[in-house]
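Step one of this worksheet: look at the structure below.
All of the numbers you see were taken from the coordinates with simple rules; none came from a lab. On a predicted model such as this, the values are computed, not experimentally measured, just so you know. All Cβ positions, even for glycine, are placed from backbone atoms using ideal geometry, and neighbour counts span all protein chains on display.
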Amino acid sequence: MAAHQLAAGPAPAMAPPPVEYAVAAEEYLARAPLGPASRRVYRISLTGWAWPLAGKPVPAGPERRRAEPPVLPLAMLDDAAAGRKIAAGLADRARQADARTVNRELSVLRSAIGWWQDQRWISSDPTRGLRHAWRLPATTALTADQVDSVFRLAASLREHAFWRVLHDSGAHTGDVLALDADRVDLARHRVRPRPGSETGMQWRAGTSEILGWLLAGRTYGPVFVTERRASADAAPADVCPITGQARMSYRRAAEIFTAATRPLDPAGRGWTLHQLRAAGRPC
């Protein structure tokens, strides 16, 4: 069921419709039955749609979170060009994020639009006819020279360790991000298999050296964590018990890689984690 259908109730009867898109988004979020973490994710998604609606490129990576979104009237959603702008934004987002993230962001916008229509603030649905991304687009693996250029980037130790494990092991990105320090066997350059499992990820000796620097003696908790402390409602397994930092999400990891590789990409869009993983040769 869409979030707007679960909303606690309509906007106050005497309140005039908001002029700005951002104000309408806050009105929707204030009345939707969402927890703090979900409300934050919904706010990020709705804010992200402001750029394509204004005909501007969406900032990538960390800049997307810090940048002030363009101010635009809510009535723009009734404009005949709104559907085309959202479709273009959806296609651009699909080149940077995984299908699950793209689908969620489109669903958030659709839920908000449905609620705004219920309030009679807008009359059109510019997302009508847009399809969810059920499959990822075909992946073109990075060349050996491109991979070398990635590993020469002036990125953080965390990024280099993550990128090399992903490339060396050929494992799914989510599985690499789910690694805990107590499962990392630096001496054998692999993940310690769980009971009943015969194999695990393996990587090269140089990658173990970088992982050792990253862990710096940590023997438990997530290997790859964010720069900030985890939220109060984060699962204990996704929080470093020493620093309180949260496990890095797929979306954040993908944004960082695409932003970091944008200067290397002749098309100027940046590469994806799927391309890096596809370029690897499992050890």
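Key figures
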| item | result |
| --- | --- |
| Rg/Rh for segment 144-279, where both radii come from Cα atoms and Rh is the Kirkwood radius | 0.96 |
| Along the chain, longest interval not containing exposed trypsin sites (Lys or Arg not before Pro), exposed being DSSP loop plus at most 13 other Cβ atoms within 10 Å | 1-119 |
| Rough spin-label spacing in nm, given labels placed 7 Å along Cα→Cβ, for ALA187 and THR140 | 4.5 |
| The chain: angle of helix 205-215 to the longest principal axis, Cα-based, in degrees nearest 10 | 60 |
| Degrees between helix 99-118 axis and first principal axis of the chain (Cα, 0 to 90, nearest 10) | 20 |
| CD proxy at 222 nm, helix term only [per DSSP H run n ≥ 4: -39500 (n - 2.57); per residue of the chain; nearest 500] | -12500 deg cm²/dmol |
| Phi-based couplings in Hz for segment 27-43 (Karplus 6.51, -1.76, 1.60; Gly and Pro marked x) | 4, 5, 5, 5, 10, 7, x, 10, x, x, 5, 5, 5, 5, 5, 4, 5 |
| Nonlocal amide H pairs with GLN245, under 5 Å, H built at 1.01 Å | ALA230, CYS240 |
| The chain: angle of helix 250-261 to the longest principal axis, Cα-based, in degrees nearest 10 | 80 |
| Calculated over the chain: convex hull of Cα atoms, volume per residue (Å³) | 151 |
| The chain: relative contact order in percent, alpha carbon pairs under 8 Å with at least 6 residues between | 20 |
